[in-house]
Every structure is written in C-alpha cells, then in structure tokens.
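The values are calculated or read from the model by the stated rules, or taken from the named source; none is laboratory data. In this text, all values refer to a predicted model and were calculated from it rather than measured experimentally. Cβ placement follows ideal geometry from the backbone for every residue including glycine, while neighbour counts extend to all protein chains displayed. For accessibility, only protein heavy atoms count, side chains too; no ligands or nucleic acids. Shrake-Rupley method; radii C 1.70, N 1.55, O 1.52, S 1.80 Å.
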Amino acid sequence: MANRQTTDHEKKMTLEEAGRKGGQATSKKHDKEFYKNIGRKGGEATAQKHSSEFYKEIGSKGGKATSEKHDKHFYEKIGRKGGEARASQLNDRQ
C-alpha cells in the first residue's frame, strides 16, 4: 500500500459521526446505573424549569403526532400489551 498524505478535508468528521463515536465510547465506559442517574437528573432539572402547562403541551403534540402515524390496530395492540403487563404485575403481588 502506498503512503499518501491525507488532506484536511479527509480528516474532518461530520457532527453525526462525532456524536456516534462519542456515544459508543461513553457506552463502553458506563453501566445502566449511570444512564439511570443522568436521566433522573435531567428529568428533575426539566421539572424545575417548566410548569404543568409545558408537559400538557408536549403530551398533546406527541399524542397528535402518534395518532397521525398509526391506525386503530396500533392502539389495540399497545392496549392489549399494557393490559397484559398490568395483569402480570397484579398477579405477582398475590
């Protein structure tokens, strides 16, 4: 293989590539507990910054976007899954 010099353009990484590379490195260093902790901290910080109106608005937007993407069969399926999971939880308590 011939030695050739790379140009500055060839060395540059896209933002997407850098993010992926950083995410992979982080996931190798940390366990599930780390991610639970940063998720909890982020949730607490968000809750301090925003009112219940904020959550109502984003919930409404998310619900609308989901309903535009899916039909009634999707809701039947997730409803069934939720019911089964709930029944399993109740059975485990007995």
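Taking 0.36 nm per intervening residue step and subtracting the Cα-Cα distance, what contour gain separates Ser60 from Asp31 on full extension? Write out the running numbers ahead of the final one.
Details: separation 29, 0.36 × 29 = 10.44 nm, distance 3.32 nm.
Difference between extended and current length: 7.1 nm.
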Legend entry - Estimated vicinal HN-Hα couplings, Hz - the stretch 42-52 in sequence order (Karplus 6.51, -1.76, 1.60; Gly, Pro = x): x, x, 5, 5, 5, 5, 6, 7, 10, 8, 5
Inset, instruction - May I have the extent of the alpha carbons of the chain along their three principal axes, as whole Å values ordered from largest to smallest? - result: 69, 36, 36
Inset, instruction - Read phi for every residue in the stretch 64-79 and hand back ³J(HN,Hα) as whole Hz from Karplus 6.51 cos²θ - 1.76 cosθ + 1.60, θ = phi - 60°, with x for Gly and Pro. - result: 5, 4, 5, 5, 6, 8, 10, 9, 5, 5, 4, 5, 4, 5, 6, x
Inset, instruction - Would you calculate a helix-derived [θ] at 222 nm for the chain, using -39,500 (n - 2.57) for each DSSP H run of n ≥ 4 and dividing by the full residue count, to the nearest 500? - result: -27000 deg cm²/dmol
Inset, instruction - Taking only protein heavy atoms into account and a 1.4 Å probe, give the accessible area per residue of the chain in Å². - result: 95
Inset, instruction - Round to the nearest 0.05 the FRET efficiency obtained for Lys49 and Ala18 when R0 = 25 Å and r is the Cβ-Cβ distance. - result: 0.35
Inset, instruction - Express in Å², to the nearest 10, the accessible area of Ser52 obtained by rolling a 1.4 Å probe over the protein heavy atoms while all chains stay in place. - result: 80
Inset, instruction - Determine the dipole magnitude for the chain: charges of +1 sit on the beta-carbon of Lys and Arg, -1 on that of Asp and Glu, nothing else is charged, the reference point is the Cα centre, and the result goes in debye to the nearest 20. - result: 160
Legend entry - Shape of the stretch 22-69, Cα gyration tensor, a/c cut at 1.5: oblate
